[in-house]
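None of the figures in this text is laboratory data; all of them are computed from the coordinates on show. For clarity, every value in this text was computed on a predicted model and none was experimentally measured.
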Amino acid sequence: MKTTLEKINIKNFPLKWVNLDSLTDSDGYKIEIYLIENDNLVKGLITMFHTLFKTVKNRVKIYDLSWWDFCLDTWNPNLDKYDYELEGKSDETKSYLRMLKESSIELAYSGICRCNDWDKFLKIVLNCIVNHTAPYSPIFYDDENNFFFYFHHTGSIGFYYEKQNEVVGKILNIAKEEYDVR
């Protein structure tokens, strides 16, 4: 049985032009791609992902500085420590932590993963983001085509690229035809 995520033995984010401390200070171009229909943000964002990245999604990898600390309720401020047990967590956090355990992502893992089941992964992660269980999105990137993106709780994708190439051009064209681009 394939796991949802597969850890890749690469710890450092490979796109040197990206400022991980402040993504907006990266040395590339940025557009924001918004859903036109906001009835179901999670479903809409999953469809947007497949629509925009259908030809390259098998090359897209996911980076997170701290996979296990993604959800806010893993932090226990009363004890001043992290707690990854399922008891007392939101449904979104429980689903996310179960996915990490099932995928054998060890505690304190910082680095890159490959996704083996985009629909399952995105449904879990986007529910965390849209419902404010997680304060931020992991970074999704394609190092071959030199772009990255993230999801936002408002129903948008922030898309960054260093320079336009054929693949980036196709993604930009689809975005302009299908979504609200700003």
Residue separation between ASP180 and LYS81 times 0.36 nm, minus their alpha-carbon distance, gives in nm 31.5 nm
Can you work out ³J(HN,Hα) from phi for every residue in region 102-116, in order, using Karplus 6.51 cos²θ - 1.76 cosθ + 1.60 and θ = phi - 60°, giving whole Hz and x for Gly and Pro? 5, 8, 6, 8, 6, 3, 6, 5, 10, x, 10, 10, 9, 9, 9
GNM, the chain, Cα, under 10 Å: largest mean-square fluctuation among VAL56, VAL42, VAL168? VAL56
Would you grab the residues whose amide H sits under 5 Å from the one on ILE112? Only those 5+ places off in sequence or on another chain, please, with H modelled 1.01 Å from N. ILE8, ILE10
Taking amide H atoms as placed 1.01 Å from N in the peptide plane, list the residues 5 or more away in sequence, or in a different chain, whose amide H sits under 5 Å from that of VAL56. none
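So which of LYS11/LYS176; LYS94/LYS163; LYS43/LYS94; LYS11/LYS123; LYS57/LYS94; LYS43/LYS170 end up more than 30 Å apart, counting from Cα to Cα? Write out the running numbers ahead of the final one.
Numbers: LYS11/LYS176 34 Å; LYS94/LYS163 39 Å; LYS43/LYS94 20 Å; LYS11/LYS123 25 Å; LYS57/LYS94 26 Å; LYS43/LYS170 23 Å.
Exceeds cut-off: LYS11/LYS176; LYS94/LYS163.
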Does anyone have the angle between helix 41-53 and the longest principal axis of the chain? Alpha-carbon axes, 0 to 90°, nearest 10? 50 degrees
